[in-house]
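Below is one structure, written out as structure tokens; comments come after it.
Values quoted throughout were computed directly from the atomic coordinates according to the rules given, and no laboratory measurement underlies them. Everything numeric here is computed off the predicted structure, so don't read it as measured data. Cβ: placed from backbone, ideal geometry, glycine included. Neighbour counts: every protein chain shown.
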Amino acid sequence: AQSVTQPDIHITVSEGASLELRCNYSYGATPYLFWYVQSPGQGLQLLLKYFSGDTLVQGIKGFEAEFKRSQSSFNLRKPSVHWSDAAEYFCAVGWRDTGFQKLVFGTGTRLLVSP
Amino acid sequence: DVKVTQSSRYLVKRTGEKVFLECVQDMDHENMFWYRQDPGLGLRLIYFSYDVKMKEKGDIPEGYSVSREKKERFSLILESASTNQTSMYLCASSLSGILVDTQYFGPGTRLTVL
């Protein structure tokens, strides 16, 4: 079965420092990969997605992610974190199953930004 | 901007009550979804609908049902609420397939069952 692992439950980063959130997936074929962000009291918002082409994907709010097939990873990065980036981040993998398109989400990583 | 609204942000119900969670989207999207979000478990799909009056079970449909009588509205029904259904419920919609089209989420309903 398809699965997504986000090994870090919480991460604390100083404002202005770089950020990398880890995501590993389990899926046999070429996956569709997503990163979502959930700010406090809000629904999820799509940051970026990958399904083919350039393995380095640019998203909104200055985020990027790199697909590495050999490591089954899709890590999210940002060069300089802002206090407003404090939120929960979810990685997801998508696939087609008997005519339907499905997503499975990771358990999330909560980002705390210190001054 | 796409807007997905949910009828309540917070809801408190008693065990055994019938509970309705309502979701409305304003962008004529074909697909609508209900997820529950629990700490340490992420988001899990309960039901989804790809057209009016059509529904498909997700990964955890037990104890839930859904209704989609109009394209813009997707309701989640807890026939007899139980304490293990205390959770955050998120509704989402997409124009068509979620692998290609963006899935837009509502702000969530935090349901507590006493």
Number of partner chain Cβ atoms within 10 Å, mean per residue of B:95-102 | 4
Where labels lie 7 Å past Cα in the beta-carbon direction, separation of A:S70 and A:S14 in nm | 3.3 nm
21 Å Cα-Cα threshold exceeded, pairs from A:K49/B:K71; B:K3/B:K71; A:K102/B:K18; A:K49/A:K102 = A:K49/B:K71; A:K102/B:K18
Which residue, A:S26, A:S70, A:S39, tops the fluctuation ranking in a GNM of chain A built on C-alpha contacts under 10 Å?
-> A:S70
Leading residue at positive end of dipole, the stretch A:3-114 (Cβ point charges), from A:H82, A:G94, A:L48 | A:G94
Over the stretch A:1-104, consider all pairs of different Cα atoms and compute the Kirkwood hydrodynamic radius from their mean reciprocal separation; express it in Å, one decimal.
-> 14.2 Å
Which one of B:L21, B:Q37, B:L11 is farthest out on the positive end of the charge dipole of the stretch B:9-59, using unit charges on Cβ (Lys, Arg +1; Asp, Glu -1) and the Cα centre as origin?
-> B:L11
Using 1/(1 + (r/R0)^6) with R0 = 30 angstrom and r between the beta carbons of B:E17 and B:K57, what's the FRET efficiency to the nearest 0.05?
-> 0.85
In sequence order, calculated HN-Hα J values of the stretch B:70-75 (Karplus, 6.51, -1.76, 1.60; Hz; x Gly/Pro) = 10, 4, 7, 10, 9, 10
